[in-house]
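Inspection log for the structure reproduced underneath, given as structure tokens.
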Amino acid sequence: MADARTQLLDVDSRVAITPQQQAFFRENGFVKLSHVFSAETLRYFGEHITRQVIERNCLQKPMTERTTYERAFLQVTNLWRTDPVVERFVRGERLARAAAELIGVRGVRLYHDQALYKEPGGGITPWHADQYYWPLSTSNTCTAWIPLQATTREMGPLAFAAGSHRFEFGRDLKISDESERALQEALRRQNFAEEDGAFELGDVSFHSGWTFHHTGGNVTDQPRAVMTIIYMEDGIRLTEPKRPEHIADRDAFMPGAKVGQVVATALNPLLWRDRE
């Protein structure tokens with residue numbers, strides 16, 4: 001097993017993003033990359049991520065008493081603020097540079113991180129687009145979805161509607177039973193191809209803020225452990241909140257940011273910038 005220093009270096013070394021992968025991301029609104037992290041690296045950081053989820057999880061209701069959203073996953077945000085090892089992972093340049101190159105920008109800042117653990121017997125994650133929640137001035141954003149184990153289709157891997165980042169229907173729907181019904185039908189009518197394959201250990205996907213995605217339930221007896229990091233272009237600005245979710249996100253992840261100004265608070269550090 002590699003030592004801790006080697007594992008830490010793995011979060012900073014460059015992922016070779018090809019022109020074909022960049023073009024695929026632009027065309028489809030997502031891309032899956034193979035062999036991004038070693039098993040040792042995921043194990044090392046995953047232990048700390050899981051510990052934070054266990055310590056900070058506030059959802060204790062039985063599965064039968066939960067809403068659809070609550071059955072989808074255990075959600076813990078801003079883990080980088082409460083564990084220095086997780087902070088090292090979230091600040092790593094390996095994913096940040098890949099995100100910038102896929103989006104097509106010169107630098108990215110952290111919007112926030114979140115762990116999404118789908119328990120055994122956990123339900124679906126309804127169709128939705130993340131940027132519904134984000135009061136940001138452009139769509140130069142993306143999320144890295146990082147499974148901490150090999151994720152079979154039975155565990156509920158992330159699935160994407162290819163090309164749906166250009167589809168404007170449903171952008172006013174929060175994640176819910178309604179979004180599942182309405183978007184499932186609308187995406188079917190538009191013949192969007194769905195990518196719903198398994199993730200091998202070490203695979204990482206990136207998807208745009210407006211790409212519609214969902215998951216199946218976890219029908220296995222093992223938790224589906226996933227870490228996510230959300231990136232936004234360095235220079236993106238805060239917009240006037242249009243819905244309560246915008247206010248909640250502003251206060252939680254951009255405290256002190258002013259409408260019309262660049263988002264660069266203490267919770268939004270610069271993670272990578274091209275200095276050439």
Check: In the stretch 150-165, what residues are within 19 Å of the chain's Cα centre (by Cα) and of a type in the set (D, E, K, R)?
Finding: 153
Margin query: All but one of (1) in a helix (DSSP H, G or I); (2) closer than 29 Å to residue 263 by Cα hold for residue 40; state the number of the condition that does not hold.
Written below: (2)
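Residues checked against (1) touching a residue at least 24 places away in the same chain (Cβ under 8 Å); (2) out of contact with any Lys or Arg (no Cβ under 7 Å at 6 or more places or on another chain); (3) not β-branched (Val, Ile, Thr):
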site: 229; (1), (2), (3): yes, yes, no
site: 236; (1), (2), (3): yes, yes, no
site: 242; (1), (2), (3): yes, yes, yes
site: 246; (1), (2), (3): yes, yes, yes
site: 253; (1), (2), (3): yes, yes, yes
site: 256; (1), (2), (3): no, yes, yes
site: 261; (1), (2), (3): yes, no, yes
site: 267; (1), (2), (3): yes, yes, yes
Next item on the list: Select, from 217, 163, 197, the only residue that is farther than 22 Å from residue 117 by Cα and small (Gly, Ala, Ser).
Entry: 163
Margin query: Between 153, 181, which is loosely packed, with under 15 Cβ neighbours inside 10 Å and either under 30 Å from residue 105 (Cβ atoms) or free of Cβ contacts under 8 Å to residues at least 12 places away in the same chain (or both)?
Written below: 181
Check: Restricting the stretch 66-88 to residues that are within 18 Å of the chain's Cα centre (by Cα) and aliphatic (A, V, I, L, M), which is surrounded by the fewest Cβ atoms within 10 Å (Cβ to Cβ)?
Finding: 74
Next item on the list: Looking only at the stretch 229-252, count how many residues are in contact with a Ser or Thr (Cβ under 9 Å, 6 or more places away or on another chain) and under 27 Å from residue 185 (Cβ atoms).
Entry: 1
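Since every read-out is calculated from the coordinates, none of them should be taken as a lab result. Please read these numbers as outputs of a predicted model, since none were measured by experiment. As a convention, Cβ positions derive from the backbone with ideal geometry for all residues, glycine included, and neighbour counts pool all protein chains shown.
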